[in-house]
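*Asks:* After the structure tokens below, expect a handful of questions from me.
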Amino acid sequence: MSNSIWSRNFRILFLFLILCNFPSYALSFISPLAGKILSYSTFLILIVHSFLVRNIPIKDYLIFGFFYFFVSLIVDSRSFEISSSLIVKYFIFFFCIKSVLLTIKYIEIFWILVLGCISIYIEVLLSGDLVGRFSGLYLNPNAAGFAVLIGFIFSLGLVNLRLKYFGQIIFTVAGFLTFSRTFVVLWILVNVITLFYNIKNGINLLLAGLLFISFILFFQDLGLDSIRLQDYSLVLTGELSDNLVENVRSDTWSLYYEDISDNLFFGNGYLSFSGNSNSSVVRSISDQGVHNSFLMVLGEAGIFVFVAFVFFHLRYLFFGFKIFFKSPVYLLLSATLILFLFTSHNFFDNYLVLFLSGWLVHYYNSPSSKFLSIN
């Protein structure tokens with residue numbers, strides 16, 4: 001086979017593995033060995049792909065990663081041994097991912113996210129009931145909610161109307177099945193923002209609202225009653241419950257404020273805010289982590305590395321505003337990423353997050369790309 005065919009095969013396989021979270025799923029539900037083999041194979045595939053096509057390292061995140069790991073490990077390196085493979089994977093990812101971004105097709109991302117979304121429906125069918133929260137291959141309902149929201153946003157950029165509406169419906173219902181507060185709030189926000197791009201999207205918002213109502217009524221007809229279902233129901237009356245709009249992570253964040261202020265310049269060390277019980281930050285909440293990637297970077301590596309991290313994400317947001325009327329997809333993705341990072345401290349080991357970060361920096365540096373004018 002020619003290099004182009006090999007490149008396409010490796011690219012699709014790599015995208016499936018990281019966008020559908022399959023190595024982590026295999027680790028949890030098949031066997032630890034299977035999970036490790038798939039994880040290492042994922043990065044081997046990425047390395048091979050970078051040799052088959054043109055590749056340019058993404059310097060922004062390589063430099064940021066160097067300073068984050070250097071500073072945090074100088075302060076406290078006790079967790080280095082158990083996480084050394086994660087560090088290596090991070091640098092391989094941003095050294096080689098440009099080869100994928102240069103050859104990737106918009107529709108490929110969409111369909112692979114559809115596959116990940118379908119796994120949520122499969123979990124519902126296999127569960128035998130509709131009680132609980134569902135996550136499919138993503139293992140965690142909040143991570144699943146983030147993945148299907150990214151798929152929903154990508155569906156908004158499709159030209160084919162049938163495919164666009166199919167994507168909106170399948171991702172929206174899957175997102176509701178995760179019962180993720182973050183998903184609901186961001187889903188509403190995304191739909192409202194699209195009105196500023198084109199008032200005709202009011203039809204899409206109306207259809208989305210009808211779908212939301214149908215979902216709530218369907219669950220209520222089954223006699224199911226849960227706090228999150230009640231939260232969803234309040235939206236129908238024009239309200240958002242405290243559970244949906246309140247920053248439910250604020251109590252967790254506040255437990256780390258003292259450690260941040262005590263070690264503001266160089267942080268508390270590697271993994272000290274990431275749920276690592278061996279860290280220098282020892283308290284009952286330490287196994288849970290700070291649940292905020294911005295506070296994690298600030299608390300582990302200090303204010304200088306934190307400023308760089310904030311700068312990266314703000315520039316994507318401002319660039320998204322700049323090209324909003326050319327394509328709203330970039331702004332929607334950058335805003336969604338930022339808001340998700342406010343509720344998760346898994347920036348360095350969530351490869352969907354890292355992929356989206358690479359996607360944003362790539363098209364920030366390539367503003368003339370037709371990728372941004374897909375609409």
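The values are calculated or read from the model by the stated rules, or taken from the named source; none is laboratory data. Owing to the predicted nature of the structure, the values given are computational and were not obtained by experimental measurement. Here the Cβ is made from the backbone with ideal geometry for all residues, glycine too, and neighbour counts use every protein chain on show.
*Asks:* Being modelled with pLDDT of 85 or more, touching a helix residue (DSSP H, G or I) at 6+ places or on another chain (Cβ under 9 Å) and surrounded by fewer than 22 Cβ atoms within 10 Å (Cβ to Cβ) is true for just one of LEU189, LEU195. Which residue is that?
*Replies:* On the way: LEU195 fails: modelled with pLDDT of 85 or more.
Answer to the check: LEU189.
*Asks:* Next question. Regarding PHE110, is this residue under 27 Å from TYR197 (Cβ atoms) and surrounded by fewer than 23 Cβ atoms within 10 Å (Cβ to Cβ)?
*Replies:* Working: under 27 Å from TYR197 (Cβ atoms): yes; surrounded by fewer than 23 Cβ atoms within 10 Å (Cβ to Cβ): yes.
When the stated conditions are applied, PHE110 passes them.
*Asks:* Taking the stated definitions as given, is PHE319 in a helix (DSSP H, G or I), at pLDDT 95 or above and within 27 Å of THR336 (Cβ to Cβ)?
*Replies:* No: the conditions fail for PHE319.
*Asks:* Mind checking which helices (runs of 4 or more DSSP H) fall wholly inside the range 21-112 and carry at least 1 residues that are within 30 Å of VAL159 (Cβ to Cβ) and in contact (Cβ under 8 Å) with a residue 24 or more places away in the chain?
*Replies:* Correct list: 22-29, 32-52, 80-101.
*Asks:* Could you run through the range 139-165 and say how many residues are touching a Gly at 6+ places or on another chain (Cβ under 9 Å) and polar (S, T, N, Q)?
*Replies:* Adding up the residues that qualify gives 1.
*Asks:* On to the next question. Does the range 117-135 contain at least one residue that is closer than 22 Å to TYR330 by Cα and modelled with pLDDT of 90 or more? It would help to see each step written out before you state the result.
*Replies:* Initial filter on the range 117-135 (closer than 22 Å to TYR330 by Cα): 117.
Checking the rest, the ones that are also modelled with pLDDT of 90 or more come to 117.
Among the residues of the range 117-135, at least one is closer than 22 Å to TYR330 by Cα and modelled with pLDDT of 90 or more, which makes the answer yes.
*Asks:* Further question on the same structure: Quick check: is even one residue across the range 327-339 farther than 23 Å from ASP259 by Cα, surrounded by fewer than 16 Cβ atoms within 10 Å (Cβ to Cβ), in contact with a Ser or Thr (Cβ under 7 Å, 6 or more places away or on another chain) and in contact (Cβ under 8 Å) with a residue 12 or more places away in the chain?
*Replies:* No, the conditions are met nowhere in the range 327-339.
*Asks:* Would you please name the residue that is surrounded by the most Cβ atoms within 10 Å (Cβ to Cβ), looking only at residues in the range 358-375 that are modelled with pLDDT under 75 and out of contact with any Ser or Thr (no Cβ under 6 Å at 6 or more places or on another chain)?
*Replies:* PHE371
*Asks:* Moving to a separate point now. Here is a list of conditions, (1) over 22 Å from the mean Cα position of the chain (by Cα); (2) under 24 Å from ILE12 (Cα atoms), and SER41 meets all of them except one; can you say which number that is?
*Replies:* Of everything listed in (1) over 22 Å from the mean Cα position of the chain (by Cα); (2) under 24 Å from ILE12 (Cα atoms), SER41 misses just condition (1).
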